[in-house]
Amino acid sequence: MCCNKNQPSNLGSSETLREAPQKFNFNDYKKYGHPKHLKKIDSNFLEWFIGFSEGDGSFSKNFSFVINQKDPQLLFKIKKQLGFGSVYETSESGIWRYCVTGQENCLRLFYLFNGNLILKKTQKRFLNWLTDIKMKVTVKPFQTNISLNNGWLSGFIDADGGFHARIRKNSNYKLKVMFCKKFYLTQKGETALLKNIGILLDSKTKVYSFIQKENIYSRIDITSLKSQTILLNYLSIYPLLSRQNITVCIWKKMHGYQERRENLNESGILKLSHLCFQLKKHNKN
């Protein structure tokens, strides 16, 4: 499915981007960690990879770093872009793993992550990892913040974000149905981070908590058309790299119907109903 990369509308108020966050610093990685056989360093990808790793990555005590996924193509893409690590299918059917082992390659990841991690829990795990594997290095302070001007949020969304839409009954509408869609992010903890993402997207939605399998999670739902427009504009500049990018294409088509107010007529509702089916089917797969 092809996705139109034209931005749906204006990015939003300048207040959304009023911050001047500390930028990612890849100087040490470029000097000491970047494999020499790779000629090009894609900073946007590195930003995406850090965000994705903070959502799906795991630091292991046995001198390794792993990412488990059902999407092997994405993991092979990561391996190709970084130029190191291995990809293989785990003993669990349908689950694939990107794995970095050995001191040389783990040191590459150190130079990449050092000072560039955003989540408090990931920062803690990173520091514990360095202690466990007894790596004698100088740790930089973590000063990078979330922003719509880099690829971190795109990677984080690829790991922990979701796009949902449905048509439900509502007697207050002329057609007796209404179209609803939302983008959501779920985290175990990190409430402050989700609030800040809401601020970046100019959303007034509050972060809420729920319990699942005896664990407490925090979630933010982005439901306003204005905030979703800001999000789609961001993703047109920093696209998702996983199969979820197809989800965004479907969701973006829905967004266009809403902007044109076609969700308020019968023909538009029928088309949106078909897109809801496509979205649900793709999300399930």
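Below, the figures for the structure above:
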read-out	value
Sequence-distant lysines (8 or more away, or on other chains) whose Cα lies within less than 23 Å of Lys77	Lys5, Lys30, Lys31, Lys36, Lys39, Lys40, Lys284
Net charge, Ser93 excluded, C-beta distance under 15 Å - Lys, Arg +1, Asp, Glu -1	-1
Surrounding net charge for His274, when Lys and Arg each add one and Asp and Glu each subtract one, Cβ distance under 12 Å	+4
Whole-percent carbon and sulfur share, accessible surface of the chain, 1.4 Å	48 percent
Centroid-to-centroid separation of region 203-251 and region 60-91 [C-alpha atoms, Å]	25 Å
Convex hull (Cα only) mean projected area of the chain, reported in nm² to one decimal	16.7 nm²
Two-decimal log10 I(q)/I(0) for region 76-149, as the Debye equation yields it once each C-alpha is a single scatterer, q = 0.21 Å⁻¹	-1.07
Set of aspartates and glutamates near Lys188 by C-alpha distance (under 16 Å), chain-local residues within fewer than 8 positions excluded	Glu54, Asp56, Asp160, Glu214, Asp221
Chain lengthening between Lys80 and Lys121 when straightened (0.36 nm per residue, less Cα-Cα)	12.0 nm
Surface accessible to a 1.4 Å probe, per residue, for the residues of the chain, Å²	55 Å²
Longest to shortest principal axis, alpha-carbon extents of region 102-181, angstrom	67, 25, 19
Full-extension gain in nm, Lys206 to Lys40, via 0.36 nm per residue minus C-alpha separation	55.6 nm
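The values are calculated or read from the model by the stated rules, or taken from the named source; none is laboratory data. Nothing here was measured: the structure is a model prediction, and the numbers come from that model. Here the Cβ is made from the backbone with ideal geometry for all residues, glycine too, and neighbour counts use every protein chain on show. These area figures cover heavy atoms from the full protein model, side chains too; ligands, DNA and RNA do not enter into them. Shrake-Rupley method; radii C 1.70, N 1.55, O 1.52, S 1.80 Å.
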